[in-house]
Amino acid sequence: MVAAGVAACCVLSSVLYVQVRSSRRWTCKLCGDKQSQLKVYGQSSAADCRRHVQKLNLLQGQVERAAADRAG
Ligand SMILES: [Zn+2]
């Protein structure tokens, strides 16, 4: 059984949409690293997961821009 999930890659520290299998492992599409399902934020429908990923990445971008503004 394959479930849709939202997970964070520990290598890139970016959030992405993943398909989690019962093996309790998932592979990051961006860097190809094997990750533990412990880092999965949540599981829902595919549409919900994609929305959640977009929101988290948007927030992360805002934090990085704010830090850059303070530095500059
Ligand atoms: Zn990765």
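The values are calculated or read from the model by the stated rules, or taken from the named source; none is laboratory data. Bear in mind the structure is a predicted one, so any value in this text is a computation, not a measurement. Because the Cβ atoms are built from the backbone with ideal geometry, glycine has one as well, and the counts that use them run over all protein chains shown.
Among the residues of region 49-58, is there at least one that is free of Cβ contacts under 8 Å to residues at least 24 places away in the same chain and surrounded by 13 or more Cβ atoms within 10 Å (Cβ to Cβ)?
Yes, region 49-58 contains a residue that is free of Cβ contacts under 8 Å to residues at least 24 places away in the same chain and surrounded by 13 or more Cβ atoms within 10 Å (Cβ to Cβ).
Just need a number here: residues in region 1-26 that are within 16 Å of the ligand (Cβ to nearest atom) and free of Cβ contacts under 8 Å to residues at least 12 places away in the same chain.
Summing the residues that are within 16 Å of the ligand (Cβ to nearest atom) and free of Cβ contacts under 8 Å to residues at least 12 places away in the same chain in region 1-26 gives 1.
Looking at region 53-66, can you tell me whether even one residue there is under 11 Å from the mean Cα position of the chain (by Cα) and either within 10 Å of the ligand (Cβ to nearest atom) or of a type in the set (Phe, Trp, Tyr) (or both)?
No, there is no match, as no residue in region 53-66 is under 11 Å from the mean Cα position of the chain (by Cα) and either within 10 Å of the ligand (Cβ to nearest atom) or of a type in the set (Phe, Trp, Tyr) (or both).
What residue, of Lys34, Lys29, is on the phi < 0 side of the Ramachandran plot, modelled with pLDDT of 85 or more and either away from the ligand (no atom under 15 Å from the Cβ) or touching a Lys or Arg at 6+ places or on another chain (Cβ under 8 Å) (or both)?
Lys34
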